[in-house]
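Taking it in order: structure first as structure tokens, then the write-up.
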Amino acid sequence: MSDNDTGKLLASGIADAVGFVGGALLGYWIGQMLGLDIFADGYGAGSLIGIALVGLGGGLGLHLSKRWQTSQAKASRKE
């Protein structure tokens, strides 16, 4: 594996992590605005919906990161 491949893989991993964490935080903040506490005692409906929002946000953030990476790869091939 060359240094160029390693750099591309590292950049891809960082972009994935930023997308996932950013999306998860956005889901958490939306849940907080709706009054859903994921850290509440027990597993009530509000906690479960809040946890689902965090998971959905993380998944959507990762998906958007992958789409962005694909568009960047297509743009660099055109150059």
Practice problem: Write down the Å³ per residue value for the convex hull defined by the alpha carbon atoms of the chain. | Solution: 94
Exercise. Tabulate in residue order the Karplus-calculated ³J(HN,Hα) for segment 45-57, using 6.51 cos²θ - 1.76 cosθ + 1.60 with θ = phi - 60°, rounded to whole Hz; enter x for Gly and Pro.
Key: 4, x, 5, 5, 5, x, 5, 5, 5, 5, x, 5, x
Quiz prompt | Peptides 38-44, 64-70, 6-12, 50-56 ordered by average Cβ neighbours within 10 Å, highest first | solution = 50-56, 64-70, 6-12, 38-44
Quiz prompt | Separation between Cα centres of segment 37-79 and segment 7-27, rounded to whole Å | solution = 10
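Just so you know, all these numbers are worked out from the coordinates, no wet-lab data involved. These numbers come from a predicted model, not from an experiment. Positions of Cβ are backbone-derived with ideal geometry, glycine not excepted, and every protein chain shown enters the neighbour counts.
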